[in-house]
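Data block below; observations after.
The values are calculated or read from the model by the stated rules, or taken from the named source; none is laboratory data. All of these numbers come straight from a predicted model, not from anything done at the bench. So basically every Cβ, Gly included, is an ideal-geometry build from the backbone, and we count neighbours across all protein chains shown.
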Amino acid sequence: MVLYHHMLTHLQHLTSRRLLAIVLLGHLSWLSAAERPFRGPYIENDDLLVILVPRSPEQMAAFYEARGFPREAIERIGQTCFVTVFIENRSADVTWLELDEWRFTGNGKPLPRLDAAYWQGQWDEIDLRQASRSTFGWTQLPPVRDLQPGETVGGNLVFPGDTETLNIEARFRTGADRHGDLITFGFGSIGCNRTAQKP
């Protein structure tokens, strides 16, 4: 009983954003270095650990539906391709996540990432409440983030629903001033774990 009370008190002091992160860690299975085997393609070296986990429409629909998203939003989410990304900075230097520096291709052509502006338009069309917009935004991989040594970040990348496979060239600048070594590596033929579906 004392332990339960301590846990409850601790949770009450967490911000809503931190609580959401805990929920995501459980539901979306963001992975730590200790959890092997990894559930998707990964790159691991002395500088970085990067893991990709393709998601099915059913997984994403269940997650957002449980958080009160209306049917219109679930339908739009279900027509896209989600890939969850986990990144851990294992270096002794600052490493920069900058999605505008990454390259996404499918069938040999540039592949658009469905970014915050795209989703803002979708949510405006269905007049989605602000709380749900904020929740959705927190589940996306940040477009820019400095990772201090030992820090991790996770979130979703979203692509058009007719995407079958995609290639990702990830580029990380390093150093507090971004003038350190450039780390570049690629993931090829990542399956979107879905086919395009109509609502």
Just checking, how many residues over the stretch 25-74 are crowded, with 19+ Cβ neighbours inside 10 Å, modelled with pLDDT under 90 and within 13 Å of the chain's Cα centre (by Cα)?
3
Tell me whether the stretch 110-126 contains one or more residues that are modelled with pLDDT of 95 or more, among the β-branched types (Val, Ile, Thr) and either assigned to a loop (DSSP other than H, G, I, E, B) or over 20 Å from Gly68 (Cα atoms) (or both).
no
So, first residue free of Cβ contacts under 8 Å to residues at least 40 places away in the same chain in the stretch 52-78, second residue among the hydroxyl-bearing types (Ser, Thr, Tyr) and part of a strand (DSSP E or B), Cβ within less than 7 Å, six or more apart or across chains; the pairs are Val53/Thr84
Can you tell me which of (1) over 21 Å from Phe172 (Cα atoms); (2) in contact with a Cys (Cβ under 8 Å, 6 or more places away or on another chain) is the one Val83 doesn't meet?
(1)
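Would you mind stating whether Pro160 is touching a residue at least 24 places away in the same chain (Cβ under 8 Å), surrounded by fewer than 18 Cβ atoms within 10 Å (Cβ to Cβ) and either among the aliphatic types (A, V, I, L, M) or touching a Pro at 6+ places or on another chain (Cβ under 7 Å) (or both)?
It is true that Pro160 is touching a residue at least 24 places away in the same chain (Cβ under 8 Å), surrounded by fewer than 18 Cβ atoms within 10 Å (Cβ to Cβ) and either among the aliphatic types (A, V, I, L, M) or touching a Pro at 6+ places or on another chain (Cβ under 7 Å) (or both).
Taking the stated definitions as given, is Asp127 over 18 Å from Val53 (Cβ atoms) and either touching a residue at least 60 places away in the same chain (Cβ under 8 Å) or more than 16 Å from the chain's Cα centre (by Cα) (or both)? Reasoning before the result, please.
Values: over 18 Å from Val53 (Cβ atoms): yes; either touching a residue at least 60 places away in the same chain (Cβ under 8 Å) or more than 16 Å from the chain's Cα centre (by Cα) (or both): yes.
It is true that Asp127 is over 18 Å from Val53 (Cβ atoms) and either touching a residue at least 60 places away in the same chain (Cβ under 8 Å) or more than 16 Å from the chain's Cα centre (by Cα) (or both).
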With the condition kept exactly as written, say whether any residue in the stretch 147-157 is modelled with pLDDT of 95 or more, under 18 Å from Ala73 (Cα atoms) and assigned to a strand (DSSP E or B).
yes
Please work out which residue is surrounded by the most Cβ atoms within 10 Å (Cβ to Cβ), limiting yourself to the stretch 75-99 and to residues that are part of a helix (DSSP H, G or I) and at pLDDT 95 or above.
Ile77
